[in-house]
1. If packing is taken as the average count of other Cβ atoms within 10 Å, what order do 13-21, 53-61, 108-116, 41-49 fall into, highest mean first?
2. Roughly how many Å² is the accessible area per residue of the stretch 32-117, as a whole number, for a 1.4 Å probe?
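The values are calculated or read from the model by the stated rules, or taken from the named source; none is laboratory data. Every value quoted in this text rests on a predicted model; they were computed, and no experiment measured them. Because the Cβ atoms are built from the backbone with ideal geometry, glycine has one as well, and the counts that use them run over all protein chains shown. Side chains are part of the model used for accessible areas, which takes the heavy atoms of the whole protein and leaves out ligands, DNA and RNA. Shrake-Rupley method; radii C 1.70, N 1.55, O 1.52, S 1.80 Å.
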Amino acid sequence: MSDKPMRKSRRDAMKMMMGGLAAVPLMNLVGMAAAHAEDLPHVDEADPTAMGLKYNHDAAASERETAARPGLPPAEQHCANCQFQAPPTEGDWVPCQLFPGKLVASGGWCVSWTPRA
């Protein structure tokens, strides 16, 4: 009896398992993108995470002048052009990876702001 067919079936099984595992995060991203943004709550500035990140709904009223991040001038730093906006969308309120399941103001700002590549 040959060992060759057995190795091939193991290899195929491993490929299928690895492909399935790689697909799980992608399915989660698709699920998050399909969520209706209007159904999600807005981030409260008093939220502990928001306070830790110095999040403010209005970038002009935030501490971005003193804590501005590199990449763009402070006046051009806001949630609408941040890489953490997930997925990048248009509107007054947008999803953010830093606040899962919540929306941030597209004109807001926090100390984690990073320019979208």
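1. 108-116, 53-61, 41-49, 13-21
2. Result: 57 Å² per residue.
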